[in-house]
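The values are calculated or read from the model by the stated rules, or taken from the named source; none is laboratory data. Because the structure is predicted, anything quoted here is derived from the model rather than measured. Every residue, glycine as well, gets a Cβ built from its backbone with ideal geometry; the counts of neighbours run over all protein chains shown.
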Amino acid sequence: MLARVLIRPKSGVVDPQGKAVERALPSLGFEGVEEVRIGRMVELHTDDPDALPDLCEKLLANPLIEDYEIELVGEGAVLNDGGEIGA
Amino acid sequence: MTRFGVIRFPGSCDEIDALEACERVGEAELLWHGDADLKGVDAVVVPGGFSYGDYLRCGAIARFAPVMERVIAFAADGGPVLGICNGFQVLCEAGMLPGALLPNEGLKFLCRQVELLVDDVDCAWTSACEPGERLSIPVKHTTGRYYAPADQLERLEAEGLVVLRYAPGHNPNGSLRDIAGVRSEAGNVMGLMPHPEHAVDPLTGSTDGLKLFESVARLAAPA
């Protein structure tokens, strides 16, 4: 089973990376973009999707500062374009 | 004489300075992250650096190192444990200290001497300090902004668990309430972002960092 875990800073936790990107956008002509938040995505294959919340709480995310969402992409799905890195 | 153990993870870089700081007040030896053995030391220092390449989050992988299981048990039995910089991040990730360290407000790596105020002397590592004492100790980090949710911050303040604060005008990274170091409820575990092990020799301008190591050496072997 392919799963994606999206991890982002909790609301209320200042995200200086997001702020920096937000401030850069108007200088490129992109107006009206607000509340940019930068997190990370983890893709993984697992035989036990039920264990994912526990796995997220214990390692992938720090629940004190981050929220996470688990997206089950499905059986037989492939990561990205299915190629090995560099292939 | 107090025997200090300094843990070396892959990616640690301040373990030798920490070792030498400990040797000024006692005996010290390196402990290896892969060994589930503290070799009978009286105090443990989790040093600074970039354990496991800072992958995922700073300290997130190191907390699962075999040696950390023993450090957690050692601390639960009242053993003194000090986490410096990356070591502080490791202790927070391991749940041994409250809060978390976030990227600096300015997103830059900072390396500078800062002034600290000792807020609490009921901690094993500041017991040789005076309340309100000013210490000059360097910081060098990218991920040092202390954060805890509002309710936890209130609890920290109420219970006196904030050990060190940046002096007014010296908060380099946007840490909440100017917090530079915190301790466990029992007072034997402490973490701080500044580097006391880099402030033990007059050659580098300040010997104030030595006080933390002296505190534990004195506790263990009262004169």
> Out of segment A:1-24, which residues are away from chain B (no Cβ under 14 Å) and within 14 Å of the chain's Cα centre (by Cα)?
Replying inline: A:Ala3, A:Arg4, A:Leu6
> Across segment B:139-152, which residue is farthest from the other protein chains (Cβ to nearest Cβ) among those that are within 27 Å of B:Gly205 (Cα to Cα) and buried (at least 19 other Cβ atoms within 10 Å of the Cβ)?
Replying inline: B:Val139
> Failed condition for A:Ala3, given (1) modelled with pLDDT under 95; (2) farther than 30 Å from B:Leu97 by Cβ; (3) outside any loop (DSSP other than H, G, I, E, B), with all others met?
Replying inline: (1)
> In segment A:25-63, which residue that is part of a loop (DSSP other than H, G, I, E, B) and in contact (Cβ under 8 Å) with a residue 24 or more places away in the chain is nearest to the other protein chains (Cβ to nearest Cβ)?
Replying inline: A:Ala61
> Do we find a residue being more than 14 Å from chain A (Cβ to nearest Cβ) and under 16 Å from the mean Cα position of the chain (by Cα) anywhere in segment B:99-114?
Replying inline: yes
> B:Met190 is checked against (1) over 21 Å from B:Asp42 (Cβ atoms); (2) modelled with pLDDT of 95 or more and fails just one. What number does that condition carry?
Replying inline: (1)
>> Criterion first (out of contact with any strand residue (DSSP E or B) (no Cβ under 6 Å at 6 or more places or on another chain), within 30 Å of B:Arg218 (Cα to Cα), surrounded by 14 or more Cβ atoms within 10 Å (Cβ to Cβ) and more than 14 Å from chain A (Cβ to nearest Cβ)) does B:Ser184 satisfy it?
In response: yes
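Which is within 30 Å of A:Glu57 (Cα to Cα), in a loop (DSSP other than H, G, I, E, B) and touching a Leu at 6+ places or on another chain (Cβ under 6 Å), of B:Leu38, B:Leu56, B:Leu91, B:Leu97?
It is B:Leu97.
Residue-wise test of (1) farther than 30 Å from B:Gly205 by Cβ; (2) crowded, with 24+ Cβ neighbours inside 10 Å; (3) among the hydroxyl-bearing types (Ser, Thr, Tyr).
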{"site": "B:Ser51", "(1), (2), (3)": "no, yes, yes"}
{"site": "B:Gly87", "(1), (2), (3)": "no, yes, no"}
{"site": "B:Ala94", "(1), (2), (3)": "yes, no, no"}
{"site": "B:Phe109", "(1), (2), (3)": "no, no, no"}
{"site": "B:Leu116", "(1), (2), (3)": "no, yes, no"}
{"site": "B:Thr126", "(1), (2), (3)": "no, yes, yes"}
{"site": "B:Glu130", "(1), (2), (3)": "no, no, no"}
>> If I go through segment B:10-24 residue by residue, how many of them are surrounded by 23 or more Cβ atoms within 10 Å (Cβ to Cβ) and either within 17 Å of B:Arg218 (Cα to Cα) or β-branched (Val, Ile, Thr) (or both)?
In response: 2
> Under the condition of being within 16 Å of B:Leu31 (Cα to Cα) and of a type outside the set (Lys, Arg), which residue from segment B:53-69 is nearest to the other protein chains (Cβ to nearest Cβ)?
Replying inline: B:Phe64
> Does B:Arg134 qualify as being over 22 Å from A:Pro9 (Cα atoms), within 14 Å of chain A (Cβ to nearest Cβ) and either surrounded by 17 or more Cβ atoms within 10 Å (Cβ to Cβ) or out of contact with any helix residue (DSSP H, G or I) (no Cβ under 9 Å at 6 or more places or on another chain) (or both)?
Replying inline: no
> Does any residue in segment B:165-181 that is among the β-branched types (Val, Ile, Thr) come within less than 7 Å, Cβ to Cβ, of a residue that is assigned to a strand (DSSP E or B) six or more places away or on a different chain, and which pairs are these?
Replying inline: B:Ile179/B:Tyr146; B:Ile179/B:Val162; B:Ile179/B:Arg165
> Looking at this structure, is B:Ser127 in contact with a helix residue (DSSP H, G or I) (Cβ under 6 Å, 6 or more places away or on another chain) and among the hydroxyl-bearing types (Ser, Thr, Tyr)?
Replying inline: yes
